[in-house]
């Protein structure tokens, strides 16, 4: 029996059994997990996930939607770019709505087709590990004991940890566990984030005092709220003594975001209101990361400040645990010239690993990627792109972004689909909801991808809209827009 692939994996518990849940979507058929049942596991009225901290901007609600917009709350998901997310408890706001036994969750992860023991796992990031540090560490210990997990185990938190659980985390590290604590603290006011700032500072202090690595996540940085130099400097002064690295990130903007900020007396700027319907990234002006790094340099902060969590993770794993690894998602591949941005802030000891990955034998990288595609049940093959160094394309590929993450991780390069002509025409038809002229775009195949010919000359904004829509529908950037 064949089953359709889906973007999310859920585990649905009843009194007597567990069912693995896959949401149907038009995707290539695949062999893996052919006995999984397709079931729904949350009601239409569910609006989670979330947690008791109830941050105004909570982006977990967006991640809770399947591709059709239906609410489906995951226990295991691959849609987080930092790694595989594991959640034994799922909340709507402060209300617990679903849970699964930790031993059951670990057992299902062992059978999960995307899992291998060297990947990054993120514990309870769809809620908050600080809502029960003892149980959160129990889950991490189960991953170490039952799966012999060798990769990083990450906790992303705004909460306070006590000395007892810090000592436990230290013991796990000393026994071989590669724990990472990402403490989120961007200097947002209380009406935006209820979690007390002092508790986060204390968490970073206690963990670093026991040589447990801490990454400061300065997210979300929001123009007009916490991007002024004084707020940035205060945050860095308070946190920098206790961190190994930091990241800077922006704000996810959903349909509800503008209104929620308005309800607490904060009117977000037009920068957040005039967004593309295909936007998936956090919104952050280009000047903000540079400003943070400049202030950090002026006050003597030693920790590197990254734009991506995967970059910071690779650096910390190398520095604290002595494991040399490149950025999981090859962010350097999108820079022109390559490493032009990385060169300004990433230490050479880490940057060289990504440079080596960029200079590797591409035939060997393709072979590793093809092996992974076969393991996942696909007969697609990778091909190099002469005009896009650092990128491989999956010929006729139609993989979800979360699947591409794993192929990137195996190859050490950026990986995208190279869709069929039929798939592109289907995508253009789907885009007519937001781009009424999309269906009239003519498509011509080239050696490196596709040439798009609209009936009329496009403005730069319309061109970005078209390419952004096609990226979201096909997970490919192998397009060139030409004037009529």
Discussion item. Given R₀ = 22 Å, what would the calculated FRET efficiency be for residue 271 paired with residue 335, taking r from the Cβ atoms and rounding to 0.05?
Written reply: 0.45
Worksheet item: Zone of residue 256 (label point 7 Å along Cα→Cβ, backbone N under 17 Å): which residues in the stretch 75-102?
Response: 90-98
Discussion item. Using a 7 Å offset from the Cα along the Cα-to-Cβ direction at both residue 447 and residue 282, what is the distance between the two label points in nm, to one decimal?
Written reply: 4.1 nm
Worksheet item: Relative contact order, percent, of the stretch 62-194 when contacts are C-alpha pairs under 8 Å separated by at least 6 residues?
Response: 19 percent
Response to the item:
For 383, 411, ascending order of other Cβ atoms within 10 Å (fewest first) is 383, 411
Worksheet entry | residue 464 versus residue 231: modelled label distance in nm, points set 7 Å from Cα along the beta carbon direction | 2.3 nm
Discussion item. Quick check: Cα centre of the stretch 163-220 to Cα centre of the stretch 246-306, how many Å?
Written reply: 21 Å
Fill in: Mean Cα-pair separation over length for the chain, i.e. relative contact order, pairs under 8 Å, 6 or more apart, %
9 percent
Fill in: Cα gyration tensor category, rounded, prolate or oblate, for the stretch 45-347 with a/c compared to 1.5
rounded
Response to the item:
With -39,500 (n - 2.57) per DSSP H segment of 4 or more residues and division by the full residue count of the chain, the 222 nm estimate, nearest 500 deg cm²/dmol, is -10000 deg cm²/dmol
Worksheet item: Cα centroid distance between the stretch 408-484 and the stretch 87-119, in Å?
Response: 36 Å
Practice prompt. Note the full-extension length gain between residue 294 and residue 110 as 0.36 nm times their separation in residues minus their Cα-Cα distance, in nm to one decimal.
Written response: 61.8 nm
Practice prompt. Could you tell me what fraction of 2.2 N^0.38 Å the Cα radius of gyration of the stretch 362-418 comes to, as a two-decimal ratio?
Written response: 0.95
Worksheet item: Counting only Cα, what are the radius of gyration and maximum Cα-Cα distance Dmax of the stretch 110-168, in Å?
Response: 11.9, 37
Worksheet entry | Along principal axes, Cα extents of the stretch 103-246, largest first, whole Å | 47, 30, 23
Discussion item. Would the stretch 421-481 count as rounded, prolate or oblate if I go by the C-alpha gyration tensor, calling it rounded below 1.5 in a/c and otherwise prolate when a/b exceeds b/c, oblate otherwise?
Written reply: rounded
Practice prompt. Express as a percent, rounded to the nearest 5, the fraction of DSSP beta bridges in the chain (both residues included) that run antiparallel.
Written response: 45 percent
Worksheet item: Working out 0.36 nm times the residue gap between residue 147 and residue 359, then minus their Cα-Cα distance, what length gain in nm do you get to one decimal?
Response: 73.0 nm
Fill in: Length added when fully stretched, residue 349-residue 395, from 0.36 nm per residue minus Cα-Cα
13.1 nm
Worksheet, complete the sentence: The residues 78, 420, 164, 203, sorted from fewest to most surrounding Cβ atoms within 10 Å, come out as 164, 420, 78, 203
Worksheet entry | Computed over the stretch 421-481: relative contact order in percent, which uses C-alpha pairs under 8 Å that are six or more apart | 33 percent
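Bear in mind that the values in this text are calculations on the coordinates, not laboratory data. Everything numeric here is computed off the predicted structure, so don't read it as measured data. Methodologically, a virtual Cβ is constructed for each residue, glycine included, from the backbone with ideal geometry; neighbour enumeration extends over all protein chains shown.
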